[in-house]
Amino acid sequence: MKIGIDLGGSHIAIGVVDNKGKILEKVEKRITKAEKNNIKKVIEEYIIEKTSNFLQQYKITEMGIAIPGTVKNEIVVKSVNLELKNYEIVKKLQEKIQLPIKIRNDAKCAALAENTYGALKSYDRSIFLTLGTGIGGAVIIHNELLDTGELPGCEFGHMLIERNGKLCKCGKKGCWETYASMKAFKDSLREILDLDEKTSGKELLDMLRKIDKSNPKYIQINKLIEQYIEYLSIGISNLVNIFEPKAIGIGGSFVFYEEIFLEKLKEKLLKDNLLFNERKEIIIQTAILDNDAGIIGATL
(Lines give C-alpha, C1' and ligand atoms only; values in the text may rest on other atoms or scores of the structure.)
Protein backbone atom coordinates (compact mmCIF):
# COMPACT_ATOMS: atom_id res chain seq x y z
CA MET A 1 0.00 0.00 0.00
CA LYS A 2 1.00 3.60 -0.60
CA ILE A 3 0.21 7.00 0.83
CA GLY A 4 -1.04 9.64 -1.60
CA ILE A 5 -1.03 13.32 -0.70
CA ASP A 6 -2.92 16.00 -2.58
CA LEU A 7 -1.81 19.56 -1.79
CA GLY A 8 -4.34 21.97 -3.23
CA GLY A 9 -4.47 25.73 -3.21
CA SER A 10 -6.81 25.58 -0.22
CA HIS A 11 -6.60 22.06 1.22
CA ILE A 12 -4.43 19.07 2.16
CA ALA A 13 -5.79 15.57 1.63
CA ILE A 14 -3.93 12.39 2.59
CA GLY A 15 -5.04 8.84 1.83
CA VAL A 16 -3.92 5.24 1.98
CA VAL A 17 -4.21 3.68 -1.49
CA ASP A 18 -4.11 -0.03 -2.34
CA ASN A 19 -2.65 -1.58 -5.51
CA LYS A 20 -6.02 -1.31 -7.30
CA GLY A 21 -6.28 2.42 -6.81
CA LYS A 22 -8.80 2.22 -3.98
CA ILE A 23 -8.55 4.65 -1.06
CA LEU A 24 -8.80 2.71 2.19
CA GLU A 25 -8.73 5.69 4.54
CA LYS A 26 -8.49 9.45 4.06
CA VAL A 27 -8.03 12.58 6.14
CA GLU A 28 -8.07 16.19 5.01
CA LYS A 29 -8.00 19.77 6.20
CA ARG A 30 -8.75 23.16 4.74
CA ILE A 31 -5.90 25.68 4.63
CA THR A 32 -7.06 28.99 6.06
CA LYS A 33 -5.86 32.41 4.98
CA ALA A 34 -4.02 32.80 8.28
CA GLU A 35 -2.24 29.46 7.80
CA LYS A 36 -0.97 30.54 4.39
CA ASN A 37 1.31 32.98 6.21
CA ASN A 38 3.23 29.96 7.54
CA ILE A 39 2.33 27.48 4.83
CA LYS A 40 5.44 25.30 4.89
CA LYS A 41 5.12 24.62 8.62
CA VAL A 42 1.41 23.84 8.25
CA ILE A 43 2.02 21.42 5.35
CA GLU A 44 4.93 19.59 6.97
CA GLU A 45 3.37 19.22 10.43
CA TYR A 46 0.06 17.94 9.07
CA ILE A 47 1.69 15.44 6.70
CA ILE A 48 4.10 14.15 9.35
CA GLU A 49 1.35 13.75 11.95
CA LYS A 50 -1.14 11.94 9.69
CA THR A 51 1.48 9.82 7.94
CA SER A 52 2.81 8.64 11.30
CA ASN A 53 -0.70 7.50 12.22
CA PHE A 54 -1.09 5.59 8.94
CA LEU A 55 2.31 3.92 9.31
CA GLN A 56 1.14 2.40 12.58
CA GLN A 57 -1.95 0.90 10.94
CA TYR A 58 -0.83 -0.13 7.43
CA LYS A 59 2.17 -1.63 5.70
CA ILE A 60 3.21 1.34 3.56
CA THR A 61 5.89 1.02 0.87
CA GLU A 62 6.12 4.59 -0.45
CA MET A 63 4.52 7.99 -0.56
CA GLY A 64 3.55 10.27 -3.44
CA ILE A 65 2.72 13.98 -3.40
CA ALA A 66 0.56 15.88 -5.90
CA ILE A 67 1.09 19.64 -5.80
CA PRO A 68 -0.07 22.55 -7.99
CA GLY A 69 2.97 24.05 -9.64
CA THR A 70 6.30 23.33 -11.27
CA VAL A 71 8.32 20.43 -9.91
CA LYS A 72 11.93 19.70 -10.85
CA ASN A 73 14.31 17.23 -9.20
CA GLU A 74 11.92 16.76 -6.24
CA ILE A 75 11.87 20.51 -5.60
CA VAL A 76 8.78 22.69 -5.95
CA VAL A 77 10.30 25.36 -8.18
CA LYS A 78 7.12 27.43 -8.14
CA SER A 79 3.60 26.98 -6.83
CA VAL A 80 1.67 30.17 -7.52
CA ASN A 81 -1.50 29.29 -5.62
CA LEU A 82 0.43 28.08 -2.55
CA GLU A 83 2.90 30.97 -2.87
CA LEU A 84 5.91 28.64 -2.73
CA LYS A 85 9.26 28.94 -4.46
CA ASN A 86 12.21 26.52 -4.48
CA TYR A 87 10.62 24.47 -1.71
CA GLU A 88 12.52 21.28 -0.87
CA ILE A 89 9.49 19.52 0.53
CA VAL A 90 10.72 15.98 -0.13
CA LYS A 91 13.98 16.62 1.71
CA LYS A 92 12.13 18.18 4.65
CA LEU A 93 9.67 15.31 4.98
CA GLN A 94 12.31 12.61 4.68
CA GLU A 95 13.98 14.00 7.79
CA LYS A 96 10.95 12.68 9.70
CA ILE A 97 9.40 10.02 7.45
CA GLN A 98 11.42 6.96 6.50
CA LEU A 99 9.78 6.23 3.16
CA PRO A 100 10.63 6.72 -0.53
CA ILE A 101 8.82 9.93 -1.56
CA LYS A 102 8.01 11.09 -5.08
CA ILE A 103 6.36 14.33 -6.15
CA ARG A 104 4.57 15.47 -9.29
CA ASN A 105 2.32 18.28 -10.51
CA ASP A 106 -1.22 17.70 -9.22
CA ALA A 107 -2.98 17.92 -12.58
CA LYS A 108 -0.63 15.28 -13.99
CA CYS A 109 -1.41 13.03 -11.03
CA ALA A 110 -5.16 13.47 -11.47
CA ALA A 111 -4.85 12.82 -15.20
CA LEU A 112 -2.99 9.56 -14.60
CA ALA A 113 -5.60 8.44 -12.08
CA GLU A 114 -8.53 9.20 -14.40
CA ASN A 115 -6.73 7.57 -17.33
CA THR A 116 -5.96 4.42 -15.33
CA TYR A 117 -9.09 4.01 -13.21
CA GLY A 118 -11.56 6.73 -14.06
CA ALA A 119 -13.43 8.73 -16.68
CA LEU A 120 -10.71 8.57 -19.35
CA LYS A 121 -9.79 4.89 -19.22
CA SER A 122 -11.57 4.21 -22.53
CA TYR A 123 -9.52 6.83 -24.41
CA ASP A 124 -5.83 6.57 -25.28
CA ARG A 125 -5.54 10.25 -26.27
CA SER A 126 -7.03 12.92 -24.05
CA ILE A 127 -6.68 16.25 -22.32
CA PHE A 128 -7.32 16.57 -18.61
CA LEU A 129 -8.09 19.83 -16.80
CA THR A 130 -8.38 20.55 -13.11
CA LEU A 131 -10.63 23.53 -12.46
CA GLY A 132 -10.32 24.68 -8.88
CA THR A 133 -8.29 27.42 -7.23
CA GLY A 134 -6.43 27.67 -10.55
CA ILE A 135 -6.40 25.63 -13.75
CA GLY A 136 -4.01 22.73 -14.13
CA GLY A 137 -3.64 20.43 -17.09
CA ALA A 138 -2.15 17.37 -18.66
CA VAL A 139 -2.06 15.71 -22.07
CA ILE A 140 -2.29 11.92 -22.39
CA ILE A 141 -1.04 10.36 -25.63
CA HIS A 142 -1.17 6.57 -26.04
CA ASN A 143 -1.93 6.30 -22.31
CA GLU A 144 1.25 8.16 -21.37
CA LEU A 145 1.74 11.69 -20.08
CA LEU A 146 3.10 14.03 -22.75
CA ASP A 147 6.83 14.34 -22.03
CA THR A 148 7.85 18.00 -21.85
CA GLY A 149 11.36 17.36 -20.57
CA GLU A 150 12.75 18.55 -17.26
CA LEU A 151 9.82 20.84 -16.51
CA PRO A 152 6.24 19.50 -16.35
CA GLY A 153 4.75 21.94 -18.88
CA CYS A 154 1.07 21.98 -19.87
CA GLU A 155 0.46 25.04 -17.69
CA PHE A 156 -2.83 25.61 -19.45
CA GLY A 157 -4.06 28.00 -16.78
CA HIS A 158 -1.34 30.47 -17.72
CA MET A 159 -2.02 30.79 -21.42
CA LEU A 160 -3.14 34.33 -22.16
CA ILE A 161 -6.72 34.87 -23.28
CA GLU A 162 -6.94 38.62 -22.59
CA ARG A 163 -4.03 40.89 -23.50
CA ASN A 164 -3.29 43.18 -20.53
CA GLY A 165 -6.19 41.55 -18.69
CA LYS A 166 -6.54 40.69 -15.00
CA LEU A 167 -3.33 40.34 -13.01
CA CYS A 168 -2.54 36.69 -12.23
CA LYS A 169 -0.60 35.50 -9.18
CA CYS A 170 2.09 34.34 -11.61
CA GLY A 171 2.82 37.99 -12.46
CA LYS A 172 1.37 37.95 -15.98
CA LYS A 173 -1.86 39.63 -17.04
CA GLY A 174 -4.78 37.91 -18.75
CA CYS A 175 -4.09 34.29 -17.76
CA TRP A 176 -6.90 31.85 -18.47
CA GLU A 177 -7.24 30.81 -14.83
CA THR A 178 -7.99 34.36 -13.68
CA TYR A 179 -11.19 34.11 -15.76
CA ALA A 180 -12.09 30.42 -15.92
CA SER A 181 -10.98 28.78 -12.68
CA MET A 182 -13.75 27.74 -10.33
CA LYS A 183 -12.34 30.21 -7.81
CA ALA A 184 -12.87 33.02 -10.31
CA PHE A 185 -16.49 31.95 -10.80
CA LYS A 186 -17.23 31.47 -7.09
CA ASP A 187 -15.62 34.79 -6.14
CA SER A 188 -17.75 36.61 -8.72
CA LEU A 189 -20.88 34.79 -7.53
CA ARG A 190 -20.18 35.69 -3.91
CA GLU A 191 -19.76 39.31 -4.96
CA ILE A 192 -23.14 39.34 -6.74
CA LEU A 193 -24.83 37.71 -3.74
CA ASP A 194 -23.00 39.89 -1.18
CA LEU A 195 -21.41 36.88 0.52
CA ASP A 196 -17.95 36.45 2.06
CA GLU A 197 -15.40 33.68 1.46
CA LYS A 198 -16.80 31.63 4.36
CA THR A 199 -19.71 30.65 2.11
CA SER A 200 -18.67 27.24 0.81
CA GLY A 201 -18.84 25.96 -2.75
CA LYS A 202 -21.60 23.56 -1.71
CA GLU A 203 -23.66 26.40 -0.25
CA LEU A 204 -23.19 28.41 -3.44
CA LEU A 205 -24.34 25.47 -5.55
CA ASP A 206 -27.46 25.03 -3.39
CA MET A 207 -28.25 28.72 -3.92
CA LEU A 208 -27.80 28.43 -7.69
CA ARG A 209 -30.25 25.52 -7.80
CA LYS A 210 -32.92 27.58 -6.03
CA ILE A 211 -32.56 30.87 -7.92
CA ASP A 212 -35.36 31.55 -10.42
CA LYS A 213 -36.71 34.50 -12.39
CA SER A 214 -38.37 35.93 -9.29
CA ASN A 215 -34.95 36.55 -7.75
CA PRO A 216 -33.68 40.14 -8.33
CA LYS A 217 -30.18 38.74 -8.93
CA TYR A 218 -31.38 36.26 -11.60
CA ILE A 219 -30.25 38.28 -14.65
CA GLN A 220 -26.84 39.05 -13.13
CA ILE A 221 -26.22 35.42 -12.24
CA ASN A 222 -27.28 34.17 -15.68
CA LYS A 223 -24.94 36.70 -17.26
CA LEU A 224 -22.10 35.50 -15.00
CA ILE A 225 -22.69 31.86 -16.02
CA GLU A 226 -22.70 32.78 -19.73
CA GLN A 227 -19.52 34.82 -19.31
CA TYR A 228 -17.82 31.99 -17.44
CA ILE A 229 -18.73 29.50 -20.17
CA GLU A 230 -17.40 31.94 -22.76
CA TYR A 231 -14.00 32.15 -21.06
CA LEU A 232 -13.86 28.42 -20.40
CA SER A 233 -14.71 27.57 -24.00
CA ILE A 234 -11.99 29.88 -25.39
CA GLY A 235 -9.27 28.02 -23.55
CA ILE A 236 -10.65 24.55 -24.24
CA SER A 237 -11.10 25.28 -27.95
CA ASN A 238 -7.44 26.32 -28.16
CA LEU A 239 -6.39 23.03 -26.58
CA VAL A 240 -8.66 20.96 -28.82
CA ASN A 241 -7.34 22.73 -31.91
CA ILE A 242 -3.75 21.95 -30.88
CA PHE A 243 -4.03 18.38 -29.58
CA GLU A 244 -7.25 17.00 -31.17
CA PRO A 245 -8.02 14.73 -28.20
CA LYS A 246 -10.58 11.93 -28.33
CA ALA A 247 -11.94 13.15 -25.01
CA ILE A 248 -11.56 15.92 -22.48
CA GLY A 249 -11.62 15.18 -18.77
CA ILE A 250 -12.44 17.85 -16.21
CA GLY A 251 -11.77 17.49 -12.50
CA GLY A 252 -11.57 19.77 -9.49
CA SER A 253 -14.62 21.45 -7.99
CA PHE A 254 -16.09 21.88 -11.49
CA VAL A 255 -17.35 18.30 -11.06
CA PHE A 256 -19.91 19.41 -8.47
CA TYR A 257 -21.25 22.11 -10.82
CA GLU A 258 -21.62 19.77 -13.81
CA GLU A 259 -25.39 20.30 -13.99
CA ILE A 260 -24.88 24.07 -14.25
CA PHE A 261 -22.08 24.17 -16.82
CA LEU A 262 -21.47 21.01 -18.81
CA GLU A 263 -24.17 21.02 -21.47
CA LYS A 264 -23.78 24.77 -22.00
CA LEU A 265 -20.04 24.27 -22.47
CA LYS A 266 -20.48 21.51 -25.07
CA GLU A 267 -23.05 23.58 -26.96
CA LYS A 268 -20.77 26.62 -26.96
CA LEU A 269 -17.82 24.66 -28.33
CA LEU A 270 -19.81 23.03 -31.12
CA LYS A 271 -22.06 25.89 -32.20
CA ASP A 272 -19.88 28.99 -31.93
CA ASN A 273 -17.36 28.07 -34.62
CA LEU A 274 -14.54 27.73 -32.08
CA LEU A 275 -13.13 24.45 -33.36
CA PHE A 276 -10.82 24.43 -36.39
CA ASN A 277 -11.77 20.89 -37.43
CA GLU A 278 -15.51 20.33 -37.54
CA ARG A 279 -16.89 17.81 -35.05
CA LYS A 280 -20.34 16.31 -34.69
CA GLU A 281 -19.75 15.77 -31.00
CA ILE A 282 -17.26 16.67 -28.33
CA ILE A 283 -16.70 14.23 -25.49
CA ILE A 284 -16.25 15.93 -22.14
CA GLN A 285 -16.18 13.66 -19.11
CA THR A 286 -16.20 14.93 -15.55
CA ALA A 287 -13.81 13.12 -13.26
CA ILE A 288 -15.45 10.14 -11.57
CA LEU A 289 -12.74 9.94 -8.93
CA ASP A 290 -13.81 13.42 -7.80
CA ASN A 291 -11.22 15.16 -5.63
CA ASP A 292 -9.62 11.78 -4.84
CA ALA A 293 -7.89 11.73 -8.24
CA GLY A 294 -4.90 13.67 -6.92
CA ILE A 295 -4.39 11.27 -4.02
CA ILE A 296 -4.64 8.18 -6.23
CA GLY A 297 -2.53 9.65 -9.05
CA ALA A 298 0.22 10.66 -6.63
CA THR A 299 0.85 6.96 -6.01
CA LEU A 300 1.13 5.98 -9.71
Determine whether segment 117-127 contains at least one residue that is assigned to a strand (DSSP E or B) and either β-branched (V, I, T) or closer than 27 Å to K36 by Cα (or both).
-> yes
Name the residue, out of N241, N273, that is over 23 Å from G132 (Cα atoms) and part of a helix (DSSP H, G or I).
-> N241
Do we have I229 as surrounded by 12 or more Cβ atoms within 10 Å (Cβ to Cβ), more than 22 Å from N115 (Cβ to Cβ) and assigned by TED's automatic domain parsing to the domain that holds A184 here?
-> yes
Taking segment 244-270 and keeping only residues that are in contact with a strand residue (DSSP E or B) (Cβ under 7 Å, 6 or more places away or on another chain), part of a helix (DSSP H, G or I), among the charged types (D, E, K, R) and in contact (Cβ under 8 Å) with a residue 24 or more places away in the chain, one is left with E258
Counting only strands (runs of 3 or more DSSP E) entirely within segment 44-102, those with at least 1 residues that are in contact with an Asp or Glu (Cβ under 9 Å, 6 or more places away or on another chain) and farther than 21 Å from G15 by Cα are 70-72, 75-79
Name the one entry in K33, K41, K29, K20 that is part of a loop (DSSP other than H, G, I, E, B), surrounded by fewer than 17 Cβ atoms within 10 Å (Cβ to Cβ), at pLDDT 90 or above and not assigned by TED's automatic domain parsing to the domain that holds G137.
-> K20
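The values are calculated or read from the model by the stated rules, or taken from the named source; none is laboratory data. Everything numeric in this text was worked out from a predicted model, so none of it was measured. Note that we place each Cβ from the backbone using ideal geometry, even for glycine, and neighbour counts take in every protein chain shown.
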